Amino acid sequence: MKIAIVSPYISTGENLEYYQSQQLNLALELARLGVTVDIYTARRMKVALDRYSVNDKVTVYNLPVIAPWTGRTLNQYIMIRQWEQLDKEKYDFIQSSDDCIFNTFMSALYVLLKGSRLIIYQGIYRYSDRKVIRILMKLYDLTAGIVLRRACCIAVCKTQEASRFLQNKGYKRTKVIPVGVNTDIFYPEARHVNKNLELLAVGHLVPNKNYSLMIDILQCLTAMVPNVRLTVIGSGPEMNGVLNLVREKRLLNHFRLIEKVPNREMRLYYSQVDLMLLLSKTEIFGMVILEAMACGCPVMASSIPAAVDVIVDGENGFLLQDLEPLSIAIRIRDIFAESALIERVRSESIRAVHERYAWNVIASQYYDLYSKNASKR
């Protein structure tokens, strides 16, 4: 069996230490099951096709883009030589990321005209709140969507919400298979006893991540638990705003910002902190949830789709319905008054990852899906 995974977002592709390495992790596990996998992605280059053989069954193709200065958005629309390479290699399945990305439409056209079968890999579960984007996407669904729905043999969705999103647009066959986590990189390290209540947040410093809410929670907590600290790992356009807010609220002694940590070293932070906060307004998935859980780090998250699918409140993590700072601070305080609860959550987090989210488990689900759909050709 031979499949192509088309993911236009710019990536080095071959390095497991990079955050966006889900496609490669999946490919390596599928290769162990005998599947040949080619990954198509984009790189900031104008001319030559870059081919990288990971092993005898996994190859990464970095397709050239329009110009070196083009960014992620434009490269979602034009990946030079995509059609040519698909036609040259001949695949049983073409798995393409998200129905609203133009490269997936190109993959659908290829399937209808040349053969093969299309699997749409869907993480998106809502469109932008901007009116112009919503109108454009509606037009896209009414035109290109006809081709996509006809070509797609099944849509694999990262979350239940993404599945409902596609079903509401007329996709007849969807299946939820979550993102996996690399347990060779993310696993528990030996913990030491913290003098402080150590909180962690990981991700780009952008408004959607709700860092201002975290600072408000931290301020409330300092009145209840004097020895508390929030560590934020990330950088972005909101960095100065976050630091200014910390200064304004006189929380510098309770706050630490680390701009960048190599992916392989993140387990050291996940393993040592007491709780990771993810308070995003929206997330396609939120990989940090699984990374933290794999390291035995309790996660407290807003009710974004992935968190709702992964976390059982009070068993392997904590879900928030109310995002009011004082109520969250009180809940954190009360949780850490029950040491037995925290230890149970740590243990259940690790167990859940190994049973449901390790890449070998995820790859087996894909292999079963390919096998069943191959017989329906």
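Taking the criterion of being among the β-branched types (V, I, T) and touching a helix residue (DSSP H, G or I) at 6+ places or on another chain (Cβ under 7 Å), would at least one residue in region 125-146 satisfy it?
no
In region 21-66, which residue that is among the small types (G, A, S) and exposed (fewer than 14 other Cβ atoms within 10 Å of the Cβ) is modelled with the lowest pLDDT?
Among residues in region 21-66 that are among the small types (G, A, S) and exposed (fewer than 14 other Cβ atoms within 10 Å of the Cβ), the one modelled with the lowest pLDDT is A48.
Kindly indicate which of I362, I311, I335 is surrounded by fewer than 22 Cβ atoms within 10 Å (Cβ to Cβ), assigned by TED's automatic domain parsing to the domain that holds S235 and of a type in the set (V, I, T). Talk me through it step by step, then tell me what you get.
Values: I362 fails: assigned by TED's automatic domain parsing to the domain that holds S235; I311 fails: surrounded by fewer than 22 Cβ atoms within 10 Å (Cβ to Cβ).
Step by step, each of I362, I311, I335 is checked, and only I335 is surrounded by fewer than 22 Cβ atoms within 10 Å (Cβ to Cβ), assigned by TED's automatic domain parsing to the domain that holds S235 and of a type in the set (V, I, T).
Of (1) in contact (Cβ under 8 Å) with a residue 24 or more places away in the chain; (2) not assigned by TED's automatic domain parsing to the domain that holds M293, R134 satisfies all except one. Which?
The failed condition is (1).
Applying the selection to region 314-331, what residues are surrounded by fewer than 14 Cβ atoms within 10 Å (Cβ to Cβ) and either touching a helix residue (DSSP H, G or I) at 6+ places or on another chain (Cβ under 6 Å) or outside the structural domain of K281 (by TED's automatic domain parsing) (or both)?
If the condition is that a residue be surrounded by fewer than 14 Cβ atoms within 10 Å (Cβ to Cβ) and either touching a helix residue (DSSP H, G or I) at 6+ places or on another chain (Cβ under 6 Å) or outside the structural domain of K281 (by TED's automatic domain parsing) (or both), then E315 is the only one that fits.
Is it the case, given these coordinates, that R346 is out of contact with any Leu (no Cβ under 9 Å at 6 or more places or on another chain), modelled with pLDDT of 95 or more and assigned to a helix (DSSP H, G or I)?
It is true that R346 is out of contact with any Leu (no Cβ under 9 Å at 6 or more places or on another chain), modelled with pLDDT of 95 or more and assigned to a helix (DSSP H, G or I).
Among the residues of region 308-317, are any farther than 30 Å from R117 by Cα, under 22 Å from the mean Cα position of the chain (by Cα) and assigned to a helix (DSSP H, G or I)?
Scanning region 308-317, I find at least one residue that is farther than 30 Å from R117 by Cα, under 22 Å from the mean Cα position of the chain (by Cα) and assigned to a helix (DSSP H, G or I), so the answer is yes.
Within region 68-91, is even one residue out of contact with any helix residue (DSSP H, G or I) (no Cβ under 6 Å at 6 or more places or on another chain) and modelled with pLDDT of 90 or more?
yes
Name the residues in region 219-252 that are buried (at least 17 other Cβ atoms within 10 Å of the Cβ) and either under 26 Å from the mean Cα position of the chain (by Cα) or under 15 Å from S280 (Cα atoms) (or both), would you?
Residues satisfying the conditions are L230, T231, V232, I233, G234, E238, M239, V242.
Answer yes or no as to whether R191 is surrounded by fewer than 17 Cβ atoms within 10 Å (Cβ to Cβ), of a type in the set (D, E, K, R) and assigned to a helix (DSSP H, G or I).
No; evaluated as a whole, the condition is false for this residue.
Return yes when G241 is assigned by TED's automatic domain parsing to the domain that holds A294 and at positive phi and no when it is not.
no
Among the listed residues I328, I362, which satisfies the condition of being within 17 Å of L199 (Cβ to Cβ), in contact with a Leu (Cβ under 9 Å, 6 or more places away or on another chain), modelled with pLDDT of 95 or more and part of a helix (DSSP H, G or I)?
One residue alone meets the criteria, I328.
The values are calculated or read from the model by the stated rules, or taken from the named source; none is laboratory data. Predicted, not measured: the structure shown is a model, and the values here were computed from it. Ideal geometry is used to build each Cβ from the backbone, glycine not excepted, and the neighbour counts take in all protein chains shown.
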